[in-house]
Structures are given as structure tokens and as C-alpha cells.
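Peer 1: Take a look at the following structure, please.
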Amino acid sequence: MTAIETKLKGCFIIEPKVLEDHRGYFFESFNQNRFNELIGKNIDFVQDNESFSSKGVLRGLHFQAGEYAQAKLVRVVKGSVLDVVVDIRKDSPTFSKHFSIELSEKNKTQLFIPRGFAHGFIVLSDTAVFAYKCDNFYNKASEQGLRYDDPSLGIDWKFPQHEFIVSDKDLVLPTLSTIIL
């Protein structure tokens, strides 16, 4: 397993070592000690989540605020997605900047997203199974989000916008300039 820090400090691309032969493949998707060593901090994950979505489904940009903020380790088990994170740490030199990466069952790449980031993804394949670990429990009262099409963020979702499938809840999220962090 290797880790590559993105242009957003603390956000890492995690690439597993995949062993393949005529039978298929094997890889260690997570090892607590190795993971903490690679990112240089101790993260204790307490909750695993999984979602299934169809092509064009856009989920996000979500985050939990305050004491319920969450760091996440995300990956795609089946299919492919464009995964997007936005730095919403007001004291960060990359505040309001975003990073995107294609995560897929083929590349088996994972993304570590520290606390203080909004997160979302759009499904590029016919369907996708998306899995993620969180270092804090979900708290509905702390749930927040940003508009996926906030013009100040300039996110290229690499998918035709007229084909997006977005929840009613995500359609009414605020822009970054109107949110109080």
C-alpha cells in the first residue's frame, strides 16, 4: 500500500498492492497500522457505510460539522465514480479548492479525506457500489452540505449536467459563500 498526498494538505490517494494471477486478485484493502503510518496520524475508524447508485447519480457535497466532523476512507467496490472533495477549512491555504479522482473497481484506488472537507461523487458506470469508513459516528443534526454546482467552486463533474440524478435534499444545499462554518 502506498499513499500520495494530493494538492489539498492531509488528503491522500491510497493505492493498494494488488496481487493478480490466473485465479483472480487479492489485495489488503485496509490495515490500521500501515494506514496510520502512511498518512502520519492516528485515525480510528468507527463506522463503515456502503451505497448503491445508478449512472448519473450525484451524491454530495456532504460533510458533518463541529464535534461530529468525519474523516473518511472511500473506495469503489463495483463500477466507477468521479470522487470530489472540497477543502472547507477556513484556516487552510487551499480553502475552497477541490480535488477530483476517478475511483473504480479496476484501479482499486482509495481516497482518504480528512475532517474539514465536503465530499461527493457522481456515478460514471451503469451502477456503482461505494464503500467508506468514517472516524466518527453519523449525527443527523450535524449533517451539512454544499451545492454541487456552486459556481465559485468550478467543479467539472465530467458528466453531462442534464443527465445528473440529484436528491431533492442536495438540490437545496447552500453555496460555500452563504454557509457558516
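Peer 1: Write out the GluC sites (Glu not before Pro) in region 73-181 meeting two conditions: DSSP loop, and at most 14 other Cβ atoms within 10 Å of their Cβ. Before the final figure, lay out each step's value.
Peer 2: Working: sites: GLU102, GLU105, GLU143, GLU163; in loops: GLU105.
Sparse-neighbourhood loop GluC sites (Glu not before Pro): GLU105.
Peer 1: Would you pull out the residues with amide H under 5 Å of SER29's amide H, same chain only if 5 or more places away, H placed 1.01 Å from N?
Peer 2: Correct list: empty.
Peer 1: Distance from the Cα centre of region 46-115 to that of region 144-176, in angstrom?
Peer 2: A separation of 14 Å, based on Cα centres.
Peer 1: Test of understanding: express the Cα radius of gyration of the chain as a ratio to 2.2 N^0.38 Å, with N the residue count.
Peer 2: For the chain, the normalised Cα radius of gyration comes out at 1.01.
Peer 1: Rounded to the nearest 500, what is the chain's calculated 222 nm mean residue ellipticity when only DSSP H runs of at least 4 contribute -39500 (n - 2.57) each, over all residues? Provide the component values of the computation, followed by the final result.
Peer 2: Details: 2 runs with 12 residues, N = 181.
Calculated from helices alone, the mean residue ellipticity at 222 nm is -1500 deg cm²/dmol.
Peer 1: Looking at the chain as a GNM with Cα springs under 10 Å, which of SER167, SER100, SER125 has the largest mean-square fluctuation?
Peer 2: SER167
Peer 1: Oh, and also: First obtain the Kirkwood hydrodynamic radius of region 111-150 from its Cα pairs, then insert it into the Stokes-Einstein equation at 25 °C and 0.890 mPa s, and state the resulting D in µm² per second as a whole number. The partial results should precede the final answer.
Peer 2: Details: Rh = 12.8 Å.
Here the translational diffusion coefficient equals 192 µm²/s.
Peer 1: Then there's this: For a quick protection proxy, order the peptides 38-48, 74-84 by their average other-Cβ count within 10 Å, most packed first. Don't skip to the answer; put the middle values down first.
Peer 2: On the way: 38-48: 13.4, 74-84: 21.5.
Answer by packing, highest mean first, reads 74-84, 38-48.
Peer 1: Another one. At a 10 angstrom cut-off on C-beta neighbours, averaged per residue, how do the peptides 58-68, 110-120 rank from highest to lowest?
Peer 2: Details: 58-68: 19.0, 110-120: 23.1.
Put in order of decreasing packing, that is 110-120, 58-68.
Peer 1: Using the 10 angstrom Cβ neighbour count as an exposure proxy, how do LYS133, LYS158 rank, fewest first? Working shown, then result.
Peer 2: Values: LYS133 22, LYS158 11.
Neighbour counts put them in this order, fewest first: LYS158, LYS133.
Peer 1: Between SER54 and ASN33, what's the calculated FRET efficiency when r is the beta-carbon distance and R0 is 30 Å? Round to 0.05.
Peer 2: Calculated value: 0.20.
Peer 1: Considering only the other residues whose Cβ falls under 14 Å of the Cβ of LYS169, what net charge follows from Lys and Arg at +1 and Asp and Glu at -1?
Peer 2: 0
Peer 1: Hey, another quick one. Rounding to the nearest 20 debye, state how big the charge dipole of region 2-178 is about its Cα centre with +1 on each Lys and Arg Cβ and -1 on each Asp and Glu Cβ. All intermediate terms of the calculation are to be shown ahead of the outcome.
Peer 2: On the way: 22 positive and 24 negative charges, 40 e Å.
With only Lys, Arg, Asp and Glu charged at Cβ, the dipole is about 200 debye.
Peer 1: While we're looking at this one, here's another question. Compute the signed sum of charges (Lys and Arg +1, Asp and Glu -1) over the other residues within less than 11 Å, Cβ to Cβ, of LYS97.
Peer 2: Values: positive: LYS7, LYS9, ARG89; negative: ASP87.
Around LYS97, the surrounding residues sum to +2.
Peer 1: Roughly speaking, what is the stretch gain from LYS140 to ASP44, that is 0.36 nm per residue apart minus the C-alpha to C-alpha distance, in nm to one decimal?
Peer 2: Details: separation 96, 0.36 × 96 = 34.56 nm, distance 2.07 nm.
Once the chain is fully extended between LYS140 and ASP44, it gains 32.5 nm.
Peer 1: Rounded to the nearest whole Å³, what is the per residue volume of the convex hull around the Cα atoms of region 1-41?
Peer 2: Working: hull volume 2.6 nm³, N = 41.
Expressed per residue, the convex hull around the Cα atoms of region 1-41 is 63 Å³.
Read-outs throughout are calculated quantities, based only on the coordinates presented, and are distinct from any laboratory measurement. None of these values were measured; they are calculated from a predicted model. Glycine also receives a Cβ, built like all others from the backbone with ideal geometry; neighbour counts cover every protein chain displayed.
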